[in-house]
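Rule-based calculations on the coordinates, nothing more; no lab input. Keep in mind the model is a prediction, meaning the values are calculated, not measured. In this analysis, Cβ positions are derived from the backbone assuming ideal geometry, glycine residues included, and neighbour counts consider all displayed protein chains.
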Amino acid sequence: EPEVTQTPSHQVTQMGQEVILRCVPISNHLYFYWYRQILGQKVEFLVSFYNNEISEKSEIFDDQFSVERPDGSNFTLKIRSTKLEDSAMYFCASTRRGQTNTEAFFGQGTRLTVV
Amino acid sequence: AQSVAQPEDQVNVAEGNPLTVKCTYSVSGNPYLFWYVQYPNRGLQFLLKYITGDNLVKGSYGFEAEFNKSQTSFHLKKPSALVSDSALYFCAVRDGGGATNKLIFGTGTLLAVQP
C-alpha cells in the first residue's frame, strides 16, 4: 500500500537554528499539506500546496516557515530560525484531489524538539 | 467556523466489550467528517468518513461510525474491542470553505483496551 514517508522521525535542534523537515507524498497525489501537533494539543493545519505554490496557510505559518517541492517527489517544510514553541510533532499529508470527500494520507510524523 | 469536539481525553474498555469514542461537530453547510487513528510511533491512519448517504459508516479494522444530524455527532464504535485497538483516535471535519479543504481536528481520545 502506498504511503507518505517523513524524515527524520526525530530532530533535535538549538533555538535559532534552521531545520528542514522532509516528506515524500504518495506519487500520484496532487495536494500536499503540513500539520503540527504541540504535545497535548490539537493537530493544527499549517499550509497546503498545489501546483507548486501555496494554496492556503494558517496564521501559524508566518515568515519563518516555508515549503518547497524541489524535485517533484520531496515536499519540505523549512523553519528558518527555530523557537522553543516550535517544538511539536509535524505531519505531512497528501490527497489525490482537493475535493471535500477525499481522505488525506498522513506520514508518521517528525518530532521536532527545540532546546 | 468548522470545529469538532472530543469530550473524552481517555476511554477505557475491557477486551470483548463494545466501545464508543465520541465526537460532536459544528459546521456551516454539509458536514464532511473523518476518523483517524494514531498508533504509537506511527502516522495518522484513515479509518472512515461520512460524506453523504447512510448514517452508519463502516471503516477499517471493524470500526464504524454513526452520523446523527440532530445531535451533531459522529461517534466511533466497534462491537467488540481488541487490545490492539489501543491507540489515539482523532475526529476531523473537512473545512470546505477554504481553498484546499484542510482538515480540522479534535483534541484526540486515547482508547485503552484492557485484556
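Observations, loosely collected:
- Mean Cβ count within 10 Å, highest first, over the residues of peptides A:27-34, B:78-85: A:27-34, B:78-85
- Simple Cβ-charge dipole of chain A, Lys/Arg +1 and Asp/Glu -1, about Cα centre, in debye nearest 20: 140
- Computed over the protein assembly as shown, the percent of Cα pairs more than 28 Å apart is 30.
- Loop-located GluC sites (Glu not before Pro) in segment A:6-70 (DSSP state not H, G, I, E or B) with no more than 10 neighbouring Cβ atoms inside 10 Å: A:Glu59.
- Across segment A:2-94, Cα-Cα pairs more than 19 Å apart make up 36 percent of the total.
- Listed residue (A:Ser9, B:Asn55, A:Val67) projecting farthest to the positive dipole end of the protein assembly as shown, Cβ model: B:Asn55
- Rounded to the nearest 0.05, the FRET efficiency derived from the C-beta distance between A:Glu59 and B:Ala112 at R0 = 22 Å is 0.05.
- Pair B:Asn30, A:Glu68: separation of 7 Å Cα→Cβ label points (nm): 4.0
- Inter-chain shielding of A:101-111 (mean C-beta neighbours from other protein chains, 10 Å cut-off): 6
- ³J(HN,Hα) computed for each position of segment A:38-48 - Karplus, 6.51 cos²θ - 1.76 cosθ + 1.60, integer Hz, glycine/proline x: 6, 3, x, 10, 5, 6, 10, 6, 9, 7, 10
- Taking the DSSP beta bridges with both ends in segment B:13-115, the antiparallel portion is around 95 percent.
- Basic side chains Lys and Arg get +1 at the Cβ, acidic Asp and Glu get -1 at the Cβ, and with that the dipole of the protein assembly as shown about its Cα centre reaches some 200 debye.
- Per-residue Cβ neighbour counts within 10 Å put A:Phe61, A:Phe91 in the sequence A:Phe61, A:Phe91, beginning with the fewest.
- Here segment A:54-115 and segment B:66-115 have alpha carbon centers that stand 22 Å from each other.
- Estimated inter-spin distance, A:Arg97 and B:Asp9, nm [label 7 Å along Cα→Cβ]: 4.1
- Cα-based radius of gyration of chain B once divided by 2.2 N^0.38 Å, which approximates compact folds: 1.02
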